[in-house]
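Every number in this text was worked out from the coordinates using simple rules, so none of it is lab data. In this text the structure is predicted, and so the values were computed from the model without any measurement. Don't worry about glycine lacking a Cβ; one is built from the backbone with ideal geometry, like all the others, and counts go over all protein chains shown.
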Amino acid sequence: MAENQLKVLEQKIDELIVLCNDLNRENQMLKTDSVGWHQERQDLIEKNELARTKVEAMIDRLRTME
């Protein structure tokens, strides 16, 4: 009986190890994705600011033409 319980315990531990490894891999992929998304967000913020500056400059030029 004790040997059977030990085998069941070993099997559960092996399953937990596999699950832990899978979760670690998934976590690493999510961290990598997160870094990419943050960089893309920063790039878009910079492009938006550049566009805003250009539009404001165009508006100022149009106002001086009035």
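How compact is the range 1-65 by the rule of thumb for globular proteins, expressed as Cα Rg over 2.2 N^0.38 Å?
Here the answer is 2.60, to two decimals.
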Charges at C-beta only: +1 for Lys and Arg, -1 for Asp and Glu. How large is the resulting dipole of the range 15-63 about its Cα centre, in Debye rounded to 20? 440
